[in-house]
Amino acid sequence: MIAGLLLCTTLGAQARKKDIPVYRDASRPVEERVEDLLARMTLEEKVMQLNQYTLGRNDNANNMADPVNDLPAELGSVIYFSMSAELRNYVQKRVMERSRLGIPMVFGHDVIHGFRTVYPISLAQACSWNPELVRQAAEVAAQESRMSGVDWTFSPMIDVARDPRWGRVSEGYGEDPYANAVFCAATVKGYQGDDLADGRRMAACLKHFAGYGASEAGRDYVYTEISRQTLWDTYLPPYQAGIEAGAVTVMSCFNNISGTPGSADPYLLTEVLKKRWAHDGFVVSDWGAIEQLRAQGVAADKKQAADRAFNAGLDMDMMNRCYDAHLADLVREGVVPQERLDDAVRRVLRLKFRLGLFENPYTPESSEEERFLLPGSLRIAEQLAEETMVLLKNEGVLPLREAKKIAVIGPIAKERWHLLGAWASKGRTEEVESVFMGLEKEFGERAELLYARGCDFDGEDRAGFAEALAAATAADVTVLCLGEKRNWSGENASRSTIALPEIQQRLAEVVSKSGKPVVLVLSSGRPLDVSRLEPLSDAIVQMWQPGIRGGRPLAGILAGRINPSGRLAITFPRSTGQIPIYYCRRPSARPHQGKYQELSSEPLYEFGYGLSYTTYDYGELKAETASIERGKKLTVTIPVTNSGAMDGAETVLWYVSDPVCRIARPVKELKHFEKRMLRSGETHTFSFEIDPERDLSFVDGDGNRFLEAGDYYVIVKDRKLKLTLAE
Ligand code: GLC
């Protein structure tokens, strides 16, 4: 009886399955579903899948466009600015009901360093040298986003940047290709996990492909002169790492790369990304980047812009209104091959199937309490902020153990909104912990806090100086909190100088007249020129823009509860005039000449720099053998001792150098790093397992990696160990 019932049930299910189209059958492989759906689509339906509109008015003030209030059927994607799952579901339902084939949209948003739980800016995160913590932060961002209706983030931004005049230096992971690659992979894993259909994950998007960080003179949207050699050895490695980590989408860039705008560059978008790296996801344009091909002088009109971009390999049009208007005609006219169109549509549909949007097009509704600012999320925010802050100077004043009266002065002292940094998604001012709030919690009854703002971020108003001097004079020590507004960095936020406005410099000079010690705390989205502030400060802490939980970590560092462990992932120049200045430079023809006449040619604070409250003694670099063999790994070790009285986390940065190569390589290149807590007195042997093909080889301007025989050096701090690779 039961067997008969089971048989009927199975037959019934098979009959039902036979009735549903393959693309609707979740038990079928994604590729079969993609092909089945593609075969059913008309030309117009295919074209609409390659368009992304904004819903309502864009919340990025740099992207002007009329608000879109009615979304057309078959639209591929929408940029979604709301946190409401209900609204998302309403919009999704309308579009799907009007879609002949019931194709869901994918909802994208800029979740760069947190959604509602806003973490430190990405540049700061790199200074933590803690990829696992960065992955956890990305995991939380994905959960908060997906539960709020966002399936896809336009992140991580992995543009290697060495010109801090460029505001977008705040969005990436600094000047080093390897560091950007490691943090890119960690962030992609955090966002995507192992199953994009999981309602707590979201699709990543590597941006801005590629070389945007080389923007001339730090101005935005401008020309970038990048040789193929530098493209391959400097700007592409983070993208290759992101693709290998499984990133499912890529965003094209605004910049013109040595004559060809990145958004119309077939070498990048097709040859490298889709052929060499076999990327099976899709490329979305940056906002307006297709239409901007006209301004860049390579397209006469929007139709030609659509032709140039689409045939180069740019699959989806973000609010350019070029593809929706012209792609169908370009296909009918044979300017765009049918197979190119189908290839792009396949890539978009593939993501939608992988995200599970055909089975679950709607976001389960949930309360804000269920989604945001969960205890675990806040703990990550606080720990990450702690680990990103960098102690740049300390001449015996920190930690503040004896201070009974602490003056807290400056425009950052009680600031909250600006601590969120650029691209702060759904961060709210009232959820940000200011420096002053952190000091109150940390010092409580132990010390009296005397507050004086002193001055604004900029302007000429010195009316607050007297009050500031009085507070500093009355106190045992001053915590002087200076820095940037959040919109002084990020997109379209270039500055001709990286020094702070004169009014803040003057405030520092006034405060120094108190004769009391000054602890300078800096909040910025870029390295600052602090060469005139440094002599006025007994200690300097680079706090960056720490997101919603920076106040207590900063206060914990000042109080000595936390031993600072941040190390710079980007060089601090001595002056704007030194830019570009970075550690992995190619060797000079005359290393001891060619210096500035009136200023040191060394940075103020170099890549990897950061002080601690303890001391670390590095022992001898050792290798199992001095000879390297192709295809055989070799382990190099170095003992490090915490020789101070305080526990602390030390990051060991491992570099390699190849002083003689057929292509002049940088003087040294970061290839491994490890951060580890060392108890006071503890010695740990750090190791680097060198894979010669991965760690010693170099890539040429055609993207071919080669490993030459000869001498290589492994470098840690000032220690160098020679290894030789025989023919
Ligand atoms: C902007 C940015 C890009 C962002 C996009 C959507 O212009 O360049 O990083 O993801 O538009 O807001």
Practice problem: Note down all Cβ pairs under 8 Å where the first residue falls in segment 194-223 and is over 21 Å from LEU349 (Cβ atoms) and among the β-branched types (Val, Ile, Thr), the second is open to solvent by 10 Å² or more (accessible area, probe 1.4 Å) and away from the ligand (no atom under 12 Å from the Cβ), and they're at least six residues apart or on different chains. | Solution: VAL222/GLU216; VAL222/ASN256
Self-check item: Residues located in segment 265-297, provided they are hydroxyl-bearing (Ser, Thr, Tyr) and free of Cβ contacts under 8 Å to residues at least 40 places away in the same chain
Solution: TYR267, SER285
Quiz item: Among the residues of segment 271-282, is there at least one that is within 16 Å of the ligand (Cβ to nearest atom) and of a type in the set (A, V, I, L, M, F, W, C)?
Solution: yes
Quiz item: Taking interchain pairs and intrachain pairs at least six residues apart, which have beta carbon atoms under 6 angstrom, with the first residue in segment 402-423 and under 14 Å from LEU554 (Cβ atoms) and of a type in the set (A, V, I, L, M, F, W, C) and the second away from the ligand (no atom under 16 Å from the Cβ) and open to solvent by 30 Å² or more (accessible area, probe 1.4 Å)?
Solution: ILE406/LEU449; VAL408/LEU449; VAL408/TYR451
Quiz item: So which residues in segment 533-553 are farther than 29 Å from ALA181 by Cβ, touching a helix residue (DSSP H, G or I) at 6+ places or on another chain (Cβ under 6 Å) and either open to solvent by 10 Å² or more (accessible area, probe 1.4 Å) or not in a loop (DSSP other than H, G, I, E, B) (or both), if there are any at all?
Solution: LEU536, GLY551, ARG552
Self-check item: Answer residue from segment 313-325, given it is in a helix (DSSP H, G or I) and surrounded by fewer than 24 Cβ atoms within 10 Å (Cβ to Cβ) and is farthest from the chain's Cα centre (by Cα) among those
Solution: ALA325
Quiz item: Quick one: MET316 ticks every box in (1) over 25 Å from GLU171 (Cα atoms); (2) within 16 Å of the ligand (Cβ to nearest atom) bar one, so which box is it?
Solution: (1)
Self-check item: Members of segment 585-609 found to be hydrophobic (A, V, I, L, M, F, W, C), out of contact with any Leu (no Cβ under 7 Å at 6 or more places or on another chain) and in contact (Cβ under 8 Å) with a residue 60 or more places away in the chain, listed by number
Solution: LEU604
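The rows are residues; the columns are (1) open to solvent by 40 Å² or more (accessible area, probe 1.4 Å); (2) among the polar types (S, T, N, Q).
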residue: LEU374; (1), (2): yes, no
residue: SER377; (1), (2): no, yes
residue: LEU384; (1), (2): no, no
residue: GLU387; (1), (2): no, no
residue: ASN394; (1), (2): yes, yes
residue: PRO399; (1), (2): no, no
residue: GLU402; (1), (2): yes, no
Quiz item: So which of ALA197, ALA241, ALA179, ALA217 is among the small types (Gly, Ala, Ser) and either buried (at least 23 other Cβ atoms within 10 Å of the Cβ) or assigned by TED's automatic domain parsing to the domain that holds MET318 (or both)?
Solution: ALA179
Quiz item: of a type in the set (Phe, Trp, Tyr), open to solvent by less than 40 Å² (accessible area, probe 1.4 Å) and farther than 24 Å from ARG676 by Cβ: does that describe PHE607?
Solution: no
Practice problem: Go through (1) closer than 25 Å to ASP70 by Cβ; (2) surrounded by fewer than 22 Cβ atoms within 10 Å (Cβ to Cβ); (3) under 26 Å from the mean Cα position of the chain (by Cα) one by one and return the number of the condition LYS352 breaks. | Solution: (2)
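Has segment 354-364 got at least one residue that is modelled with pLDDT of 95 or more and part of a helix (DSSP H, G or I)? Spell out how you get there, then give the answer.
Step one: of segment 354-364, the residues modelled with pLDDT of 95 or more are 354-364.
The next check asks that each one be part of a helix (DSSP H, G or I); those that pass are 354.
Yes: segment 354-364 contains one or more residues that are modelled with pLDDT of 95 or more and part of a helix (DSSP H, G or I).
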Practice problem: For segment 244-264, indicate whether the set of residues that are within 16 Å of the ligand (Cβ to nearest atom), closer than 20 Å to VAL47 by Cα, crowded, with 24+ Cβ neighbours inside 10 Å and without any contact (Cβ under 8 Å) to a residue 40 or more places away in the chain is non-empty. | Solution: no
Practice problem: Identify, by number, the condition in (1) in contact with a helix residue (DSSP H, G or I) (Cβ under 6 Å, 6 or more places away or on another chain); (2) more than 16 Å from the ligand (Cβ to nearest atom) that GLY356 doesn't meet. | Solution: (1)
Quiz item: Hey, among the residues in segment 454-478 that are without any contact (Cβ under 8 Å) to a residue 24 or more places away in the chain and of a type in the set (A, V, I, L, M, F, W, C), which one's nearest to SER514 (Cα to Cα)?
Solution: ALA470
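The values are calculated or read from the model by the stated rules, or taken from the named source; none is laboratory data. Everything numeric in this text was worked out from a predicted model, so none of it was measured. Positions of Cβ are backbone-derived with ideal geometry, glycine not excepted, and every protein chain shown enters the neighbour counts. Surface accessibility is based on the protein's heavy atoms, side chains included, excluding ligands, DNA and RNA. Shrake-Rupley method; radii C 1.70, N 1.55, O 1.52, S 1.80 Å.
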